[in-house]
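Trainee: My questions will all concern the structure given below.
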Amino acid sequence: MPGLLSQKMSKLPKGLKTRFAPSPTGYLHLGHVASAIYVWGLARLAQAEIILRIEDHDQSRSRKLYESSILSDLRWLGFHADHGVSSEAPSAYRQSDHFERYASALSSLTKTYHCHCSRKDIQDRDPDAMKSGELHYDGYCRTLNAGPNVRSQMPDRRVTFDDLILGHQIQVPCEQCGDLLLKDRDGFWTYNFAVCVDDVTDDIGLIIRGQDLLSATGRQIILREKLGGRSEMNYVHHPLIYASQDHKLSKRDHSTSIAQWRESGLSAEDIIGKAAFQVGLIDKEKQVSASEVEALFL
Ligand code: GLU
């Protein structure tokens, strides 16, 4: 598979833009490093440009401390972006600098409406609302159009796209999530909305992210269409590192942070090698430097 993936990457049009987009809601962990290996490795093979975007749209969970730690760990590991947030140019690609951009994008959209429903309201009305594993909104406020949340109507159709690892995908957002939340009751822009507005504005043509976000892609394709984004998109949803069976490694699990490993004396090459091994890119643990990640896919 890696060889096949590198062939596909080398056939993509040159000069595409991609992004690495961590949320500063915890420290950088091994799952992020696996993602960075995919982003940097594949972007170099495709001769794509890498933007570093700090996704701090949710101001209730984002912390400056995590942001600076993530940026410092990425630099230490050797993952340098072509554009974006660095200690020298702090404001270029941070979502909290884009709130006016999101407001103006929202005002350009049709088929949006205000909604007052909480998660509890939705589940009280429909006990099966979580049947598909995520909360499905039933469109209750479509005609009422009142309340602090803002939603976008999801059309009654399926969406298809090709993933360069997983192949042809078919998704039906109106059945998965229903009308999509764009802004929540606390006034925060949601992940799906902020990421689409930024991907469209930055003209991102190659999206490389974990398979945990696969189900978000169909709804993002619909939003991108509404926002007038480019239609030629390339998607790679990469495998995840699991802390144990059925359990994705996440910041909230207090899995060992890169900062902790760094303090305990591990080198950047040790950590990148560990992530590459755990995500299945090499069959035994060895040192790998950030400048060597491209070769993992050959
Ligand atoms: N900010 C998201 C995360 O940290 C990634 C978003 C994306 O790549 O679309 O999981």
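Trainee: What is the distance, in nm, between label points placed 7 Å from the Cα along the Cα-to-Cβ direction at residue 185 and at residue 270?
Mentor: Simple spin-label model gives 4.7 nm for this pair.
Trainee: When the chain is fully extended, how far beyond the present Cα-Cα distance does residue 108 get from residue 256, taking 0.36 nm per residue of separation?
Mentor: Contour length minus Cα-Cα distance gives 49.0 nm.
Trainee: Now, a different point. Would you tell me the accessible area of residue 110, worked out with a 1.4 angstrom probe on the heavy atoms of the protein chains, in Å² to the nearest 10?
Mentor: 100 Å²
Trainee: Comparing 146, 216, 43, which has the greatest mean-square fluctuation in the GNM of the chain with Cα pairs linked when under 10 Å apart?
Mentor: 146
Trainee: While we're on this one: Hey, in the chain, which Cys have no second cysteine's beta-carbon closer than 4.7 Å?
Mentor: Cysteines lacking a close Cβ partner in the chain: 117, 174, 177, 196.
Trainee: Sort 294, 100 by heavy-atom solvent-accessible area, probe 1.4 angstrom, most to least.
Mentor: 100, 294
Trainee: Would you mind checking which residues have amide H under 5 Å from residue 163's amide H? H placed 1.01 Å from N; only 5 or more apart, or other chain.
Mentor: 168, 169
Trainee: Would you compute, from DSSP H runs of 4+ residues alone, the mean residue ellipticity of the chain at 222 nm, taking -39500 (n - 2.57) per run and dividing by the full residue count, rounded to the nearest 500?
Mentor: Result for the chain: -10000 deg cm²/dmol, rounded to the nearest 500.
Trainee: Starting from the exponent 0.38 and prefactor 2.2 Å, build the expected Rg for segment 10-60 from its residue count and divide its actual Cα Rg by it.
Mentor: 1.30
Trainee: Send over a whole-number figure in Å² for the accessible area per residue of the chain, probe 1.4 Å.
Mentor: So the chain comes to 47 Å² accessible per residue, rounded to a whole number.
Trainee: Also, I was wondering about something else. Please build a GNM for the chain, connecting alpha carbons under 10 Å apart, and tell me which residue among 32, 57, 114 fluctuates the most.
Mentor: 114
Trainee: Could you tell me how many degrees, from 0 to 90 and to the nearest 10, lie between the Cα long axis of helix 216-227 and the main elongation axis, the longest principal axis, of the Cα atoms of the chain?
Mentor: 60 degrees
Trainee: Taking amide H atoms as placed 1.01 Å from N in the peptide plane, list the residues 5 or more away in sequence, or in a different chain, whose amide H sits under 5 Å from that of residue 285.
Mentor: The answer is none.
Trainee: Taking only Cα atoms, what is the 0 to 90° angle, nearest 10, from helix 191-201's long axis to the longest principal axis of the chain?
Mentor: Approximately 70 degrees, to the nearest 10.
Trainee: Could you work out the Kirkwood radius for the chain, taking every pair of different alpha carbons, averaging 1/r and inverting it, reported in Å?
Mentor: 20.1 Å
Trainee: Separate question: Does segment 44-85 come out rounded, prolate or oblate, given a ≥ b ≥ c as the square roots of the eigenvalues of its C-alpha gyration tensor, rounded meaning a/c under 1.5 and, failing that, prolate meaning a/b above b/c?
Mentor: Oblate, since a/c reaches 1.5 and b/c is not below a/b.
Trainee: Treating the angle as unsigned and between 0 and 90°, give the value, to the nearest 10°, between the Cα long axis of helix 64-77 and the longest Cα principal axis of the chain.
Mentor: With both axes taken from Cα atoms, the answer is about 40 degrees.
Trainee: Over the chain, what percent of the accessible surface lies on carbon and sulfur atoms, probe 1.4 Å?
Mentor: Of all accessible area on the chain, carbon and sulfur atoms account for 48 percent.
Trainee: Find, among the trypsin sites (Lys or Arg not before Pro) in segment 32-136, those assigned to loop by DSSP (not H, G, I, E, B) with at most 12 other beta-carbon atoms within 10 angstrom.
Mentor: 111, 131
Trainee: A further question follows. Give me the percent relative contact order of the chain, please, defined on Cα pairs under 8 angstrom at least 6 residues apart.
Mentor: After rounding, I find 24 percent.
Trainee: Return the loop-located trypsin sites (Lys or Arg not before Pro) in segment 254-297 (DSSP other than H, G, I, E, B) with at most 13 other Cβ atoms within 10 Å of their own Cβ; answer none if there are none.
Mentor: 284, 286
Trainee: Students often get this wrong, so check it: of 120/183; 14/274; 111/183; 8/274, which have C-alpha atoms separated by over 19 Å?
Mentor: Pairs exceeding the cut-off: 14/274; 8/274.
The values are calculated or read from the model by the stated rules, or taken from the named source; none is laboratory data. In this text the structure is predicted, and so the values were computed from the model without any measurement. Positions of Cβ are backbone-derived with ideal geometry, glycine not excepted, and every protein chain shown enters the neighbour counts. Note: accessible area is taken over every heavy atom of the protein model, side chains too, but ligands, DNA and RNA are not part of it. Shrake-Rupley method; radii C 1.70, N 1.55, O 1.52, S 1.80 Å.
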